[in-house]
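Right, one structure below, let's go through it.
Every read-out reported here was derived from the displayed coordinates using simple, explicitly stated rules and does not represent laboratory data. This one's a predicted model, so the numbers in the text were calculated from it and none came from an experiment. Using ideal geometry, Cβ is built from the backbone for each residue, glycine included, and neighbour counts are taken over all protein chains shown.
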Amino acid sequence: MLFLLGALALAEDPSMETVFAALSSPTTVQTTFTQTQHRAVLARPLESKGRLVFARPDRLRWQIDAPTRAVFVMDGTTFTTAMPDLGITEEISLAAHPEYLGLVHGLTVWLQADADLVAKNYDASWDDGRLVLVPKTDDLSRWVSRFVLSLSEDHRSVTEVELFEADGDRVVLVFSEVRLGADVDAEQFQLK
């Protein structure tokens with residue numbers, strides 16, 4: 001028993017290079033998620049459920065199925081959001097609105113798993129086996145104070161994200177039914 005405890009104490013966190021190489025190895029990620037928002041304006045946390053599809057380098061579909069349907073799609077430099085039950089759709093060109101780039105890149109940094117981008121924009125460290133990313137730049141830190149990422153055992157996927165917002169609110173994302181490297185229909189990145 002003492003040997004096992006000693007081995008655990010000597011275990012080191014993997015290098016950032018190893019982690020980002022593993023995270024960036026799948027070309028696609030598909031998963032379901034539960035999102036819990038802890039906001040000062042809410043009497044109790046708000047939970048939603050949905051699906052996420054990501055294809056490298058910059059294609060994302062974030063779909064909330066309940067309690068209120070919403071879809072966010074990013075295809076390169078175009079970001080489209082829709083609330084089908086309300087008949088609302090809005091398309092934003094990230095090239096024309098660079099003020100949104102920090103927000104979008106901040107929210108997708110853990111999916112992109114680009115080690116150079118992380119090193120340039122975040123201080124990365126380990127805390128109790130979880131990867132902590134703290135923004136270095138004002139355009140990122142005005143939205144996010146830090147991300148705390150829990151990783152799968154093989155480091156190929158993120159199992160949980162805690163997003164600590166600059167205003168003190170917090171969002172927790174827990175992923176399940178993760179599929180890595182599976183084919184993704186290009187229509188996933190379009191709103192119809």
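So here's what we get for this one:
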quantity	calculated
Helix-only [θ]222 nm of the chain, DSSP H runs n ≥ 4, -39500 (n - 2.57) each, per residue, nearest 500	-5500 deg cm²/dmol
Stretch gain in nm, segment Tyr100-Asp127, where the contour uses 0.36 nm per residue and the Cα spacing is subtracted	6.8 nm
Shape of segment 120-192, Cα gyration tensor, a/c cut at 1.5	oblate
Evaluated over the chain, the Cα radius of gyration and Dmax, each in Å	17.5, 62
Dipole magnitude of segment 13-181, debye to nearest 20 (Cβ charges: Lys/Arg +1, Asp/Glu -1, about Cα centre)	340
Stretchable slack from Ala115 to Val41, in nm (0.36 nm times residue separation minus alpha-carbon distance)	23.1 nm
